[in-house]
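Since the structure comes first, as structure tokens, the remarks are kept for the end.
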Amino acid sequence: MVATTATPIPTPTLSAFTWIEIFIRQLAVQASWNYELLLGTGIGFCLEPALRSLPGGREGEAYRAAMARQSAYFNAHPYLTAVAVGSLARAELERAPAGQIERFRTALCGPLGSVGDRLVWAGWLPFCSLIALAAYGLGAGPVAVLLIFLGLYNVGHIGLRVWGLRVGWKHGMRVAAALANPVLRHGPNYIARAAALLAGIALPLALDRIIEPGRALLGGVLLAAVGGAVLLTQLHGRVEGWRIALGVLAASALYSVVAR
Amino acid sequence: MTPAEILTIALLGAITGLDVVSFPQAMISRPIVAATIAGLVLGEPQGGLLVGAVLELIALETLPVGASRYPEWGSASIVGGALYALHPNHGAGGITTAVLAALATAWVGGWTMYMIRRFNGVIARRWIPTLGLGSGRAVIAIQTAGLAADFARGGLLTLVAMLMFDPLARAMVGLWSIDARMSRAIVVAAAAAVAAGAVWKLFHNTPGARWFFGGGLAVGLLMVLAW
């Protein structure tokens, strides 16, 4: 009897050029965002340079099967799709079974969406905005404010994408453990507290600088602001604040022009 | 407004509009960045920064989460910053009209983003059989079409908004009757109310956040009084 053994697949490697291409494509992962596939095509777009390494290259059956799998429906926070791209690239190049890859891909959507939304959209972005507003309130000029905001925000943004690709590639389909990283688990709460502290400092400073010629009216402005904020919180998101601001400014403009 | 200025502003609107979702989401589309850049390009960086700071306070409440529909601040902030920068002496109503035009553009911009997503859906549906066959070229074509459409959307939105709001703002500033102090105070009160509401919305569920906010507020008010 002759025993048959499967040829072991060596640990895959990708060239530096391929990683750069994947990273740049990562920045456009949402380019074709739509209500049918959401980020699906974007994931296929990011993985495509890696999948060229599959046997047969671009014209091979393995490449086509992987591209078809990876261009289906997908949803996650755009920055954290890097984790998915890294781990899915590894899984595809290690020739994991198709069904297993598809189940893993589906399972990634939820955690990568909720963690990213809390960490970035509700944490890091407002934190950086408030830093920029505080800098403005303290008298920083236009270029300084731009550099502070863009520099700080993109350290987190680019760092998160690079970390995601690295950790995804390193762990492949065992990436779940990496998602228990303390930064992802506790980071949103720490950032939220820091941002709350910063909001308290930044808002009066920024308002004081913006109101400059009307400083004598600052007391009234603060009362109106507090009243407006209480009203907005009582509305519990039924009306967005920017719509109310639009209405108030339109009414004041109309009054100012008509009452002349 | 010269043709060169308006084309430059439209190009900036296209770039910042693209940044909101499609590429690269580096937040050059945030109001405090986009409006300041518009001011810098038109030789009035302080004015751009002023409008950007007001719009940033209002934009604090917007969470650009996935499928939700929200104002498009990138192109809108270019419009606001440019309108303020283009009127050299600003007038009493300068800030109000610039912020008002930016808010209206952001509103329409949100709708155009929704239309782009539907357009992307149409393109994707057309290519689904080819995607199912694993065509890398189809994926690249869909992504490229999405990028191009979004770039055109931002540029066109900015162009139309500037052509509409520039003469309107000039006319309104000419007829403005509320004095400059009161005009500025109304803008600041509206922005501050939205920002304070946004801070509550963002952080009220975080344990201890209200104490951090209270402590920060005390420090901030002391700094204002001390200066």
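The mean of 1/r over all pairs of different alpha-carbon atoms in chain B, once inverted, gives a Kirkwood hydrodynamic radius of 18.9 Å.
Sort out for me the Cα centre separation of region B:68-100 from region B:107-169, rounded to whole Å. Here the two parts' Cα centres lie 24 Å apart. In terms of the Cα gyration tensor, with a ≥ b ≥ c the square roots of its eigenvalues, is region B:158-227 rounded because a/c is under 1.5, prolate because a/b exceeds b/c, or oblate? Oblate shape, in that a/c is at least 1.5 and b/c is the bigger or equal ratio.
Cβ crowding within 10 Å ranks A:V120, A:V183, A:V248 as A:V183, A:V248, A:V120, fewest other Cβ atoms first.
For region A:18-121, the C-alpha radius of gyration divided by 2.2 N^0.38 Å, with N the number of residues, is 1.01. Region A:107-145 and region A:184-231 have Cα centres separated by 15 Å.
Positive contributions from Lys and Arg (+1) and negative ones from Asp and Glu (-1), summed over other residues with Cβ under 14 Å from the Cβ of B:D150, come out at +1.
This model, with +1 at the C-beta of Lys and Arg and -1 at the C-beta of Asp and Glu, gives chain A a dipole about its Cα centre of some 280 debye.
If the segment from A:Y190 to A:E212 were pulled out straight at 0.36 nm per residue, it would be longer than the present Cα-Cα gap by 4.6 nm. log₁₀ I(q)/I(0) of region B:97-217 at q = 0.15, 0.17 Å⁻¹, via Debye over equal Cα point scatterers, no solvent, to two decimals? With one equal scatterer per Cα and no solvent, log10 I(q)/I(0) is -0.89, -0.95. Starting from 0 in steps of 5 Å, tell me what percent of the Cα-Cα pairs of region A:98-189 lands in each bin. Per 5 Å bin, starting at 0, the Cα pair percentages come out as 2, 12, 18, 20, 15, 11, 8, 6, 4, 2, 1, 0. Structural size metrics of chain A, computed from C-alpha coordinates, are Rg and Dmax of 24.6, 103 Å.
Picking from A:P78, A:A91, A:L51, whose Cα lies most toward the positive end of the charge dipole for region A:1-134 (charges on Cβ: Lys, Arg +1; Asp, Glu -1)? Selected residue: A:A91. Along its three principal directions, the equivalent ellipsoid of the protein assembly as shown from the Cα gyration tensor extends over semi-axes of 45, 25, 17 Å, largest first.
Helices of chain A meeting both criteria, an alpha-carbon length of 20 angstrom or more along the long axis and an average Kyte-Doolittle score not below 1.6, with helices taken as full DSSP H segments, are A:218-234. Size descriptors for region A:159-260, from the alpha-carbon set: Rg then Dmax equal 22.1, 70 Å.
Throughout, read-outs are computed from the coordinates displayed, never taken from laboratory work. No experiment lies behind these values; they were computed from the predicted model shown. Reconstructed Cβ throughout: ideal geometry from the backbone, glycine too, with neighbour counts over all protein chains shown.
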